[in-house]
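The structure appears below as C-alpha cells.
The values are calculated or read from the model by the stated rules, or taken from the named source; none is laboratory data. Values in this document were obtained by computation on a predicted structure and should not be read as measured data. Cβ: placed from backbone, ideal geometry, glycine included. Neighbour counts: every protein chain shown.
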Amino acid sequence: MNTLKTALLLGLLSAILLIGGEAIAGRSGLYIGLAFAVVMNFGSYFFSDKIALSMYAAQPVSETENSEVYRRVAPIVSGLCHRMGLPMPKLYIIPEESPNAFATGRNPSHASVAFTTGILQLMNDNELEGVVAHELGHVLHRDILTSSVAGTLAAAITMLARMAFWFGGSRDDDREGGIFGALLMLILAPIAASLIQLAISRSREYDADAASAKYVGSPYPLINGLKDLDGWSKRIPMEATPSTAHLFIMKPKVTGGWGSLFSTHPSTEDRIRRLQAMR
C-alpha cells in the first residue's frame, strides 16, 4: 500500500509541475516543468532523507561521532531492531532544545532515526525506548519512504507557487493567461502541498504507537513519553516547515505557508487513550 502511495505522490508531483509550468510560461514552461519533474522524482526517492536531515542540521551519531549519545542510544535501538527483525538504522542528533524525533529513509536497509538534544535530556531510558520503538514502527511498516517523498514534494510544490508569483506574468504568447496561471498556482500549490501531507494517513501514527507497545512489551513507556513530549513541546516549541512537520513523533510548530491550517498528527490525548486500551 505504501509503495502505491509513493507512486501516486510522484505522479501527482509530475502532473502539478507540468501543468504549473505550462500555466506560468507556456510551452517553454512545460519543458522546464518536465525536466524539473524528472530531477525531483529521482531526488525525492534517493535523497529525500538526506534533505530532511540537512534541514535540521542533523549530526551523525556513531562510536566516533557524538560518542556519548551513541553509548546511550545505540543499545536501545539495537535491542529493538533485534526484536523487530530490522537492520540497525543510522543515528543522528539534532541540536534543538525542543524534545522531538523522527525516522526517515527509503527502506529499512536505508533508514535513519534522528533525536533532538531536548528529547535526550528530557526522557529516561524507559521512555526513550518507547519513542524509539515508535520510530522503528514507521520503518517496519515502510512509512518512511512515503513520508520522506511527501515532504520533498510538498516543498517543491510550494517553491513552484513562489516562482509563479515572481515570473508568472512573463508569458509572451498570452500575458493575461500567464498572470492567471501564476495566481492559480499561488492559490492552489500550497493547498496541494498540504493535501499531499494529509494523504499520509494519520492512522500510521496509531500503528507506530501500537508497534511500540508490542515490541517494548507495554504501552506505558510511550504513554509517559507522549505526556512529556506534549507538555514540553508547548513550553519549548520546535519550529518546522509545513513540508516536514509530519515526520516528527510530536507535531511541531509549523512556520509559514498553508501548512498551519492542517494537522498531520492525531491529538496526543487520543493516542494515549488508544494506548491505554491496549493494557
Note on segment 47-61: residues without any contact (Cβ under 8 Å) to a residue 40 or more places away in the chain and farther than 22 Å from GLY137 by Cα are SER54, ALA57, GLN59
Could you say which residue among VAL38, VAL73 is modelled with pLDDT of 95 or more, assigned to a helix (DSSP H, G or I) and under 24 Å from the mean Cα position of the chain (by Cα)? VAL73
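In the list SER112, SER54, which residue meets the criterion of being part of a helix (DSSP H, G or I) and either within 18 Å of the chain's Cα centre (by Cα) or at pLDDT 95 or above (or both)?
SER54
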Looking only at segment 224-237, which residues are part of a helix (DSSP H, G or I), of a type outside the set (Asp, Glu) and surrounded by fewer than 22 Cβ atoms within 10 Å (Cβ to Cβ)? ASN224, LYS227, GLY231, TRP232, LYS234, ARG235
Of the conditions (1) under 18 Å from TRP232 (Cα atoms); (2) in a helix (DSSP H, G or I), the single one that HIS134 does not satisfy is (1)
Could you list all residues from segment 112-131 that are closer than 21 Å to LYS50 by Cα and free of Cβ contacts under 8 Å to residues at least 60 places away in the same chain? VAL113, PHE115, THR117
Please count how many residues of segment 99-128 are acidic (Asp, Glu) and within 21 Å of PRO237 (Cβ to Cβ). 1
When segment 231-279 is examined, which residues are found to be among the acidic types (Asp, Glu) and either over 20 Å from ASP209 (Cβ atoms) or modelled with pLDDT under 90 (or both)? GLU239
Mind checking whether some residue in segment 201-219 is basic (Lys, Arg), in a helix (DSSP H, G or I), surrounded by 15 or more Cβ atoms within 10 Å (Cβ to Cβ) and modelled with pLDDT of 70 or more? yes
